[in-house]
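Step one of this worksheet: look at the structure below.
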Amino acid sequence: MSAELDAMRVVVTSPSAAGAEITELLAERGASVIPLPVFEIVEPSSWTALDSALERLEDFTWLLLTSRNAVAGFVDRAGDRILPGDLKIGAVGTSTAADAEAAGLEVDLVPTAFTGAALAAAIGEPDGAVLIARVEDGPPETPAVLRERGWAVEEVPVYRNLPLDPALAEIAVVRAGDFDAVTLMSPSAARGFARVMGEVPLPEGALVACIGPMTAQGAEAAGLWVDVVAPTHTAAGLVEALAAIRPSE
């Protein structure tokens, strides 16, 4: 077992199910994980937009899946529906693509950079309409890139992130500064962590590690500093990035 993070106390802000992968990876590196789920993943406020799109899938050239949660929400709602054979599918990253293919979807495109904007830029010249399955009230970059390039875009929320108050004991630990680093895997996680900290400053020397540029922007907008953005926007990439910047003993 590699121990680059031996005895490092790392806060994981993702919901329990979503945070399982990074928790395991951190533990394998010797870190002591402090669970602090600051939001939960629930159904969108309404399924109307997706239900309408599912009746018109032949109108779309591309279906873009912007996260693993988007895959779960889309697949669960679509049920046994057979997608048109000429509908191309793009996934924002390798983990999202793996989930899609495990659910029986054939993924045609994964961008080299695992961001929504990179996915939007990678699908080629405008040729019809794009259906984006995404978080409710998500960031505007992906549809904006597509519209700027001339694509017709339809966005459908397939899940939403709701703020969650962690247990009082967990809040007490982080507000006391009893941690060495925090991992942030989404803008919602960044906002939630900042909300939990309130006016309490981060402990001196604590590292803030973000999974990607959008999360880093969310962290900075929430008043947090950012020490590292994972070059590879996956849980494994985030752990690698944190290990790379850990101060030497």
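The values are calculated or read from the model by the stated rules, or taken from the named source; none is laboratory data. These figures come from a predicted structure and were not determined experimentally. Reconstructed Cβ throughout: ideal geometry from the backbone, glycine too, with neighbour counts over all protein chains shown.
Look at the stretch 35-60: where a residue is on the phi < 0 side of the Ramachandran plot and surrounded by 15 or more Cβ atoms within 10 Å (Cβ to Cβ) and a partner is among the basic types (Lys, Arg) and assigned to a helix (DSSP H, G or I), sitting 6+ places away or on another chain with Cβ atoms under 6 Å, you get 50/77. When residue 89 is tested against (1) touching a residue at least 60 places away in the same chain (Cβ under 8 Å); (2) buried (at least 16 other Cβ atoms within 10 Å of the Cβ); (3) not assigned by TED's automatic domain parsing to the domain that holds residue 169, exactly one condition is not met: (1). Among the criteria (1) at negative phi; (2) in contact with a Pro (Cβ under 9 Å, 6 or more places away or on another chain), the one residue 177 does not fulfil is (1). Please work out which residue is modelled with the highest pLDDT, limiting yourself to the stretch 1-22 and to residues that are buried (at least 19 other Cβ atoms within 10 Å of the Cβ) and hydroxyl-bearing (Ser, Thr, Tyr). My answer is 13. Within the stretch 201-221, take every residue that is among the aliphatic types (A, V, I, L, M) and in a helix (DSSP H, G or I) and give me the one that is surrounded by the fewest Cβ atoms within 10 Å (Cβ to Cβ). Per the criteria, the residue is 221.
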